[in-house]
Amino acid sequence: MQENSATIAIPANEMQECFTGILLKYGFIRERALQCAQVFTESSLDGIYTHGIYRFPRFIQYLKAGYVVPEALPTLESKFGAMEQWNGNLGPGILNALQVTDTVISLAIEYGIGCVALRNTNHWMRGGTYGWQAAKAGFVFIGWTNTIANMPAWGAKDAKLGNNPLVIALPYKDEAIVLDMAMSQYSYGALELSAMKDESLSVYGGFDTEGNLTKDPSAILAANSPLPIGYWKGAGLSLLLDLLATILSGGLSTHELSKKEVEYSLSQVFIAIDMSKFGKQSVIAQAIEEILKDYHQSIPLDESKIIVYPGERVLQTRKNNLANGIPVLKEVWEEINLL
């Protein structure tokens, strides 16, 4: 790590108070400031620093530039059965996504399944937030968003695909199993954080300007060429997620978003399924337990490591950060306090 990148520990309540005060300064009413600050803080608590504490300064930049409208609320544009289309009206992506997740839960209660396609919204930050929200309420959740073009199609040199994050979650005991992944091997936030810390990636994360696979995050960012997950398979999945988000919402595609000066006015899809409609809840719970028991019996390549399901590591990170404070690069915390 570079000398100016020392890490300090910030208590969660102090971080949330700081975020709230800044958001109030930039046009949020108190209730919405508290909601938004809570999500940024909880993402950081859970170890998703790239879409929590380290994303906050950019969020404020977009507020100041007018790309995010703090008072804007999402509006229903059309409805047919369990499917609805909403306009985010360029409101804060976090608040739009929280409201729309509540909406798909309500639709799922009524129809068994609910789907809302949201256009003209902003970055939802940590997509897993909405998976946890729905799953802890007892619902299966599937959601995704498109992004600007920041990843090449397999075999291509230039970026035509977004790293379009996908979230899948289901209830498990008092918590949830939550998969939250970008279509690139590393999210852009993760690449930026590793570059800031002057750290090498643990596995190949993309290509340099010469087209060579590399673990150097700065080289990947300079080339705008992160590696698709599963090579051609991740590239194909990214394309389909963008196609579906665009046509279901009636919003902008990755191709159209990439003409803008920054990433805003995104298209997203939220789906919730009410598992209680199936009955036999004890059978479902037993099936999940048996699957996870077998999964946990995996033999790790590294005997010092354990095999965890998606979201399991979050619980321990949350516990540690609540007890010891959230680790933050000192220079970033100083930058935020200057806001």
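Show me the ranking of peptides 95-105, 174-184, 72-82 by mean Cβ neighbours inside 10 Å, starting with the highest. Provide the component values of the computation, followed by the final result.
On the way: 95-105: 22.7, 174-184: 20.6, 72-82: 13.5.
Those peptides, ordered most packed to least, come out 95-105, 174-184, 72-82.
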*asked:* Using amide H atoms built in the peptide plane, which far-off residues or other-chain residues are under 5 Å from S258 H to H?
replied: A149
*Hey, can you find the accessible area per residue of segment 105-170 for me, probe 1.4 Å, expressed in square angstrom?*
32
*List the residues whose amide H sits under 5 Å from the amide H of L266, counting only those 5 or more places along or on another chain, with H placed 1.01 Å from N in the peptide plane.*
N120, T121, N122
*asked:* Give me the extension gain from Q316 to I299: residue separation times 0.36 nm, minus the current Cα-Cα distance, reported in nm with one decimal.
replied: 4.0 nm
*Where in the chain are the helices, taken as whole DSSP H runs, whose Cα atoms extend 15 angstrom or more along the long axis and whose Kyte-Doolittle mean reaches at least -0.5?*
12-25, 30-45, 93-111, 232-249, 281-296
*Based only on the alpha carbon positions, what is the Kirkwood hydrodynamic radius of the chain, in angstrom?*
20.8
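Mind checking the alpha-carbon convex hull of segment 26-79 and giving the volume per residue in Å³?
Convex hull of Cα atoms, per residue: 110 Å³.
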_What Kirkwood Rh does segment 217-296 have if only Cα atoms enter the pairwise 1/r average? Answer in Å._
16.6
*asked:* If the elastic network links every pair of Cα atoms under 10 Å, which of I113, I29, I48 fluctuates the most in the Gaussian network model of the chain?
replied: I29
_Solvent-accessible area per residue, Å², over segment 208-315 with all protein chains present [probe radius 1.4 Å]_ = 60
_Only Lys, Arg (+1) and Asp, Glu (-1) charged, at Cβ; the chain dipole about Cα centre in debye_ = 500
*Place the peptides 148-159, 130-141, 260-271 in order of packing, highest mean first, counting for every residue the other Cβ atoms within 10 Å and averaging per peptide.*
130-141, 260-271, 148-159
_the chain: most fluctuating residue of P70, P300, P226 per GNM, C-alpha cutoff 10 Å_ = P300
*Quick one: which residues, 5 or more positions from V68 or on another chain, have an amide H under 5 Å from its amide H? H modelled 1.01 Å from N in the peptide plane, none for Pro or chain starts.*
L63
*Find how many whole Å separate the alpha carbon centroid of segment 118-167 from the alpha carbon centroid of segment 232-289.*
7
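The values are calculated or read from the model by the stated rules, or taken from the named source; none is laboratory data. Quantities reported herein were computed from a predicted structural model and do not represent experimental measurements. Every residue, glycine as well, gets a Cβ built from its backbone with ideal geometry; the counts of neighbours run over all protein chains shown. These accessible areas exclude ligands, DNA and RNA; they are computed on the full protein's heavy atoms, side chains included. Shrake-Rupley method; radii C 1.70, N 1.55, O 1.52, S 1.80 Å.
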